[in-house]
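The next block holds one structure in the form of C-alpha cells; read it before the comments.
What follows is calculated from the coordinates using simple rules that are stated; it is not laboratory data. This structure is a prediction, so every number in the text was calculated from the model and none was measured. Note that we place each Cβ from the backbone using ideal geometry, even for glycine, and neighbour counts take in every protein chain shown.
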C-alpha cells in the first residue's frame with residue numbers, strides 16, 4: 001500500500017466536497033497537473049462511473065498521417081512533469097471551453113498533452129489537458145470494454161472554492177481507439193470528438209468542445 005492509499009479516506013472525503021464527479025465538472029485546489037490526475041484517479045474509486053457511449057475500434061488508426069506530423073513536434077509538458085526533449089507530441093486535440101466557443105480562436109486550443117492510466121484495474125482513464133502550476137484544464141475519457149464517457153475538468157490553486165455542483169449534459173461524443181482492451185505498457189492511439197454543455201451554480205451555460213487525435217503509453221498511476 002502506497003502513501004496515498006493510506007491517507008485516501010481522509011483526503012478524498014475532503015476533496016469530494018468540491019469535486020463534482022456526478023456532473024463531470026471538476027473543481028479543486030491544486031498546484032500541479034500531476035497532483036490533479038493523482039487525486040482524481042484515486043478519488044473516483046469512491047464514485048461509480050457510468051460509461052454511456054460505445055467507442056469504435058480501428059486497428060489501422062495508428063497509420064493516420066497526423067501521427068507523422070506529431071513526430072515533427074516536441075511534447076508539451078505540464079508543470080511538475082519531467083521534461084524530455086526526445087518525447088514527441090502526444091496530442092493534436094483542439095479543446096475549447098467558454099460561454100460561447102469561437103472555433104476560429106484556436107491559438108491555444110491544441111496546447112495540451114495526453115496521458116493514460118488505469119484505475120479500478122479495469123477502467124482506463126485517458127487524460128487530455130494541460131497544467132501550468134496555477135490552473136489545469138482539459139477532459140478525461142473513462143473507457144472500459146468499448147464503453148466510455150468524457151468528463152471535462154478544471155482546477156485552480158485559488159482558495160475558497162465552494163461545493164455547489166454544475167449540471168452537465170453531453171450533446172454528442174465519438175471515440176475511436178486502436179484496440180478493444182489495453183494493458184499497462186501498451187501504446188494507445190485514438191481520436192475523440194465531443195460537445196457538452198455545463199450549467200454552473202449561477203445558471204450560466206458553458207460550452208465544452210474537443211476534437212482531434214491523440215496517442216500515449218498506458219501506465220499504472
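Quick look at the values:
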{"quantity": "Segment 170-221-segment 93-125 distance, computed between alpha-carbon centres (Å)", "calculated": "7"}
{"quantity": "Extension reserve of the residue 88-residue 169 stretch, reckoned as 0.36 nm per residue once the Cα distance is removed", "calculated": "25.8 nm"}
{"quantity": "Shape call, segment 100-140: gyration tensor on alpha carbons, a/c limit 1.5", "calculated": "prolate"}
{"quantity": "Inter-site label distance for residue 219 and residue 63 at 7 Å from Cα along Cβ, in nm", "calculated": "3.1"}
{"quantity": "Sorted peptide list for 145-152, 213-220, criterion being average Cβ within 10 angstrom, highest first", "calculated": "145-152, 213-220"}
{"quantity": "Cα gyration tensor shape of segment 74-165, rounded if a/c is under 1.5, else prolate or oblate by comparing a/b with b/c", "calculated": "rounded"}
{"quantity": "Two-site label geometry, residue 107 and residue 52: point separation in nm, points 7 Å out along Cα→Cβ", "calculated": "3.5"}
